Amino acid sequence: MKQTKNTPFQPRLTVVGAGPGDPELITLKALRALECADVVLYDALVNPRLLEHAPARALKIYVGKREAEKSMEQDQLNTAIVEYASKFGHVVRLKGGDPFVFGRGMEEILFAQSKGISAAYIPGISSSIAVAGSAGIAVTQRGVSRSFWVITATTDLGTLNPDLQLAVHTDATLVVLMGLSKLPEIAVEFIKVGKSNVPVAVIQDGTLPTQKVVVGTASDIAAKTKVAGLKSPAILVFGEVVHHGLLQNIDPEILALLQAA
Ligand SMILES: C[S@@+](CC[C@H](N)C(=O)[O-])C[C@H]1O[C@@H](n2cnc3c(N)ncnc32)[C@H](O)[C@@H]1O
């Protein structure tokens, strides 16, 4: 927030969703927030092109958040947000997808507020829906799936999320985030309940030019994904919607026309 003689200095935090990867899949409100940032603290899955919307004078600090990558601990990060806001004014905390979907956005807001920093949230398009969609898969589809679950593959301890055992018994679409390394174990949960033929898609770099999609069933998806060499970030989509999508029918010409310059 640009501080002027008439507006007293005020530390603020805006937790902003950056969308799933394509730099044009961000909201207008998020861009407004970036335009008046004094500091931008951004995560690994944020498209770096979005930083161009912040003023040249704003500090832009990478606070990486990727599995297997050394990133700032959450406690340190919460403290850093408060310190930057107190010293510089408006901190924009830019996070991949939506900050409230496995994004720890609420923790950061609550911590800042507990230290007297006013805070706001701007939603983003979550990869959980948009990445499936960009591969031509609708997470719900009339007559095919009337609900969808979005789950993380693991607990805080790194063990398989016990919610999986519930999810495999439903006909809902199951979208798993942070699940690529656990794909073989997750597929086994479907096989154990007699669903070895459930369709599965694994989508890497969704919405980006580097997007890759592998399709199979619970019984062969782990092997196919390994052969294709897919890497994180990726989402896993289990359910009949995978077979009812537009995987073959997305018009590349329309997408090319809409591609950011
Ligand atoms: C820590 S979670 C954050 C999710 C984010 N808040 C959201 O709403 O999309 C990170 C995970 O999101 C998924 N993800 C995010 N962006 C993605 C993309 N462009 N393509 C595939 N998966 C993505 C991956 O499963 C990744 O491991």
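Could you derive backbone 3J(HN,Hα) for region 12-29 from the dihedral phi with the Karplus parameters 6.51, -1.76 and 1.60 (θ = phi - 60°), listing whole Hz in sequence and x where the residue is Gly or Pro?
9, 10, 10, 8, 10, x, 8, x, x, x, 4, x, 8, 9, 10, 7, 4, 5
Can you work out D for region 1-141 in µm² s⁻¹ from Stokes-Einstein, where Rh is the Kirkwood radius over C-alpha pairs, the temperature is 4 °C and the viscosity is 1.567 mPa s?
Result for D is 85 µm²/s.
What are the principal axis extents of the Cα atoms in region 104-165, in Å, biggest first?
Each principal axis gives a Cα extent; for region 104-165 these are 49, 30, 19 Å.
Using a Förster distance of 35 angstrom, determine the FRET efficiency expected from the C-beta separation of LYS115 and THR210, and round it to 0.05.
0.35
Would you mind computing Rg(Cα) / (2.2 N^0.38 Å) for the chain, counting N as its residues? Don't skip to the end; give the middle numbers.
Working: Rg = 19.9 Å, N = 261, 2.2 N^0.38 = 18.2 Å.
That ratio works out to 1.09.
Could you state the principal axis extents of the C-alpha atoms in region 85-189, from the largest down, to the nearest angstrom?
Principal-axis extents of the Cα atoms in region 85-189, largest first: 51, 33, 20 Å.
If you take the beta carbon distance between THR79 and ARG49 as r and set R0 to 35 Å, what does 1/(1 + (r/R0)^6) give as a FRET efficiency, to the nearest 0.05? Walk me through the numbers on the way to the answer.
Details: r = 29 Å, r/R0 = 0.82.
Step by step, r from the Cβ atoms, then E = 0.75.
With no solvent and one equal point scatterer placed on each C-alpha of region 128-243, evaluate the Debye formula and give log10 I(q)/I(0) for q = 0.10, 0.17 Å⁻¹, two decimals.
So the normalised log intensities work out to -0.24, -0.74.
Any read-out appearing in this document is the output of simple, stated calculations on the displayed coordinates, not a laboratory observation. These numbers come from a predicted model, not from an experiment. Every residue, glycine among them, receives a Cβ derived from its backbone with ideal geometry; neighbour counts consider all protein chains shown.
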